[in-house]
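Throughout, read-outs are computed from the coordinates displayed, never taken from laboratory work. None of the values given here were measured: they were computed from a predicted structure. No Cβ is skipped: glycine too gets one built from the backbone with ideal geometry, and neighbour counts run over all protein chains shown.
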Amino acid sequence: MLGPVILAASRSDRIRRLISAAPVTRQVVDRFIPGETVDEIVPIVRELTDRGLELTMDVVGEDITTPGQAAAARDAYLELVDRLKQLELGTRAEMSVKLSMFGQALAGGHELALANVRPVVEAAAAIGTTVTLDAEDHTTLDSMFAIHEELRKDFPQTGCVIQAYLFRTEADARRLADSGSRVRLVKGAYKEPAEAAYQQKHEIDKAYVRILKVLMAGEGYPMIGSHDPRLISIAQELARQSGRKLDEYEFQMLYGIRSDEHLRLAAEGHRMRVYTAYGTDWYGYFMRRLAEKPANLRFFARSMISKG
Ligand SMILES: Cc1cc2nc3c(=O)[nH]c(=O)nc-3n(C[C@H](O)[C@H](O)[C@H](O)COP(=O)(O)OP(=O)(O)OC[C@H]3O[C@@H](n4cnc5c(N)ncnc54)[C@H](O)[C@@H]3O)c2cc1C
């Protein structure tokens, strides 16, 4: 019951100001967003890759309101690419982007987001890695998929995310499961209306399995974005049934969540990619992590009370 309330709060400017200014917040945020600057994140990239993990790097931020902020988002990613170039990690460190951070919701936003994200995708390709377009709320997806298709003309390895909770996603998966495509399947993290999305966990889980079957049977490269132990076992079984080798799919989890499982899967020989977010505009990302697990909110509230 708490999840939808927290997701509504994630879009409130007033609550954003309150939570962002609370002195204790930073300690709790660190668990999920382990740095604010490129300098702070590079040692973490080194540490995770040294332990056999791969990364997808996210500069936090979304729903920006001016073209200047969208250009700043592009530049933050270009700075990241510059630093990744020095580390020579190739596809072991890729990037995830939210198009709303690149201006998608502004006037002429579709073209603006495409113009801002293209240089990032180009720069990533020049250092031998790639970019995945995150999925935001359902109203943004037609534009996201169109940008994905456009980028893939020149950079076919550009990935995208699909969300199991949306009714549309099984059809999207069939369209995307073509040769060379990289598709991350997640359950979905936004507050969506009953007209567009399953609301019950068991329905979402069932949809996840149906869609995963489509991706595993297809010719693309499935990226299983989940911490759910049941879905991870099912994914392993489906990969086996469809004759996929260990390097023909990968698991992805978020930094700070089930970290032992990251290492266990990597030790079993799986490709395990950790979604690692950093930056100062962490509010929306952080609130979605609280919404996913109400125990996180209780922990956060207790810290506020005991330190406040
Ligand atoms: C790599 C990656 C990329 C993602 N990208 C997107 C995206 O582009 N768009 C989008 O809408 N969503 C995205 N998500 C979020 C996703 O939609 C889910 O909200 C999130 O992964 C929780 O679902 P779950 O599959 O882990 O299953 P759940 O059933 O929610 O969780 C399974 C178990 O994992 C643990 N767990 C899960 N979440 C948390 C948490 N926040 N804190 C502590 N423990 C937790 C708990 O032990 C829980 O019992 C992404 C997730 C991952 C892993």
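Quick notes
- Of interest is the spacing of the C-alpha centroids, which for the range 43-102 and the range 108-180 amounts to 16 Å.
- Compared with the direct C-alpha span, the chain from Arg244 to Asp63 gains 61.4 nm at full extension, assuming 0.36 nm per residue.
- Separation in nanometres of the label points that stand 7 Å from Cα toward Cβ, at Ala72 and Arg17: 1.8 nm
- On the beta carbon distance between Glu237 and Ser259, with R0 = 35 Å, the FRET formula returns roughly 0.90.
- Taking the DSSP beta bridges with both ends in the chain, the antiparallel portion is around 5 percent.
- Dipole-positive endmost among Tyr77, Ala295, Ile224 within the chain (Cβ charges, Cα centre): Ala295
- Using distinct alpha-carbon pairs, which all enter the 1/r mean, Kirkwood radius of the chain in Å: 19.7 Å
- Ranking His110, Ala123, His270 by how far each Cα lies toward the positive end of the dipole of the chain (charges on Cβ) leaves His270 at the top.
- Dipole check for the chain: with +1 at the C-beta of Lys and Arg, -1 at the C-beta of Asp and Glu, and the Cα centre as origin, the magnitude is about 1000 Debye.
- The range 164-190 residues near the modelled Arg230 label - backbone nitrogen below 17 Å, point 7 Å along Cα→Cβ: 164-165, 186-188
- Cα-based convex hull volume of the range 6-153 per residue, rounded to whole Å³: 128 Å³
- Dipole in debye (nearest 20) - the range 60-144, about Cα centre, beta carbon charges: Lys, Arg +1; Asp, Glu -1: 260 debye
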